[in-house]
Ligand SMILES: NC(=O)c1ccc[n+]([C@@H]2O[C@H](COP(=O)([O-])OP(=O)(O)OC[C@H]3O[C@@H](n4cnc5c(N)ncnc54)[C@H](O)[C@@H]3O)[C@@H](O)[C@H]2O)c1
């Protein structure tokens, strides 16, 4: 069986998902694409031969031939589109985060439950082979009992301020991936969060009410201590590393590079910069997460990243923000 998709949102990530669904996932077909900016949808449709194009996603939800949607629009539209897609009986792959507001997330999850459709959230990094190897080392106790986890996650440059304004802020937009990684690797949930953060990269980000540099320390229910180090700008490119430390050893992952060459001269030994951003660094995981979603729907298998997995990092993000604003450790139970 081929699962027929509509892609909603034809921006940065919408293009990646549309292309993967059309060209790399045999069990999927894209029969429609929508974007409020009609030309954005038209351009992707023309390139990928997608037959139906609309400026209104509701037109695609009303099409009985559409069986699943990939929600790739701006974050502030996700929970509403989830509710409408569920009511229309479509299976849903939705980009992170579900929403900034827990009540709206709960309404969206309830509509999914009622409709009996599947919902997977786009925490693609779980599908990256490096992190999967770290998880395997933790689960198999290859490094003994896990004590500490360090996550370094720095972007090569900040997104436009117009994006930052609708993104929910760094904790819900960027750190959210690291919160999910912390849950995935520890196999546990955070109980307390303490954030120290500021504006070091661009004052315009501060004027938009956000921060661009953050350090977050967390206690997890299983006793593991986790740190997350975020910056919106690493001049040498996308910096994505983790180290897990346990009673029997440690495991760490490095960045990925476009090549393995080293250049040795009389002055120094050097190499080229790491892969620059998420589209190059996480290429495999974007394909793999959608393949997993399609298999879950077609074979009615449990999902790898559920709606509950989409909610938990939002609670962590809200706690991290509260901690920053109030200058104190915040218990997750204070958020809900
Ligand atoms: N998982 C990841 O690695 C990853 C990477 C990038 C973005 N994202 C997430 O994907 C979402 C989109 O991010 P982006 O970087 O592609 O942003 P973007 O601004 O490049 O694209 C968003 C697109 O959605 C369209 N849009 C907005 N409202 C719409 C609506 N009501 N109906 C249809 N289209 C609408 C916009 O016109 C735009 O073309 C965000 O929620 C972001 O958090 C996830």
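The values are calculated or read from the model by the stated rules, or taken from the named source; none is laboratory data. Just so you know, these numbers come straight off a predicted model, no measurement behind them. Here Cβ is always computed from backbone atoms with ideal geometry, including for glycine, and neighbour counts include all displayed protein chains.
Do the conditions hold for residue 91, that is, is it within 30 Å of residue 236 (Cα to Cα) and touching a strand residue (DSSP E or B) at 6+ places or on another chain (Cβ under 9 Å)?
no
Could you pull out the residue among 273, 303 that is touching a residue at least 40 places away in the same chain (Cβ under 8 Å) and in a loop (DSSP other than H, G, I, E, B)?
So the residue among 273, 303 that is touching a residue at least 40 places away in the same chain (Cβ under 8 Å) and in a loop (DSSP other than H, G, I, E, B) is 303.
To keep it simple, each residue is scored yes or no on (1) away from the ligand (no atom under 11 Å from the Cβ); (2) closer than 25 Å to residue 288 by Cβ; (3) touching a helix residue (DSSP H, G or I) at 6+ places or on another chain (Cβ under 8 Å).
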| site | (1), (2), (3) |
| --- | --- |
| 20 | yes, yes, yes |
| 29 | yes, yes, yes |
| 56 | no, no, no |
| 103 | yes, no, no |
| 108 | yes, yes, yes |
| 111 | yes, no, yes |
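When residue 165 is evaluated against the numbered criteria (1) out of contact with any strand residue (DSSP E or B) (no Cβ under 8 Å at 6 or more places or on another chain); (2) within 19 Å of residue 319 (Cβ to Cβ), which criterion, by number, is the only one it fails?
Unmet for residue 165, out of (1) out of contact with any strand residue (DSSP E or B) (no Cβ under 8 Å at 6 or more places or on another chain); (2) within 19 Å of residue 319 (Cβ to Cβ): (2).
Per-residue answers, yes or no, for (1) buried (at least 16 other Cβ atoms within 10 Å of the Cβ); (2) in the same structural domain as residue 228 (by TED's automatic domain parsing); (3) within 13 Å of the chain's Cα centre (by Cα):
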{"position": "102", "(1), (2), (3)": "no, no, no"}
{"position": "134", "(1), (2), (3)": "yes, yes, no"}
{"position": "141", "(1), (2), (3)": "no, yes, no"}
{"position": "144", "(1), (2), (3)": "no, yes, no"}
{"position": "151", "(1), (2), (3)": "yes, yes, no"}
{"position": "162", "(1), (2), (3)": "no, yes, no"}
{"position": "171", "(1), (2), (3)": "yes, yes, yes"}
{"position": "178", "(1), (2), (3)": "yes, yes, yes"}
{"position": "181", "(1), (2), (3)": "yes, yes, yes"}
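How about region 1-18: which of its residues are touching a strand residue (DSSP E or B) at 6+ places or on another chain (Cβ under 6 Å) and either in a strand (DSSP E or B) or more than 8 Å from the ligand (Cβ to nearest atom) (or both)?
Within region 1-18, 2, 3, 4, 5, 6, 7, 8, 17, 18 meet the criteria.
Scan region 242-249 and tell me whether some residue there is buried (at least 19 other Cβ atoms within 10 Å of the Cβ), closer than 21 Å to residue 127 by Cα and in contact (Cβ under 8 Å) with a residue 24 or more places away in the chain.
Scanning region 242-249 turns up at least one residue that is buried (at least 19 other Cβ atoms within 10 Å of the Cβ), closer than 21 Å to residue 127 by Cα and in contact (Cβ under 8 Å) with a residue 24 or more places away in the chain.
Does residue 78 fit the bill of being out of contact with any helix residue (DSSP H, G or I) (no Cβ under 6 Å at 6 or more places or on another chain), closer than 20 Å to residue 111 by Cα and within 12 Å of the ligand (Cβ to nearest atom)?
yes
Does residue 253 qualify as being without any contact (Cβ under 8 Å) to a residue 24 or more places away in the chain, more than 15 Å from the chain's Cα centre (by Cα) and assigned by TED's automatic domain parsing to the domain that holds residue 146?
So residue 253 fails the test.
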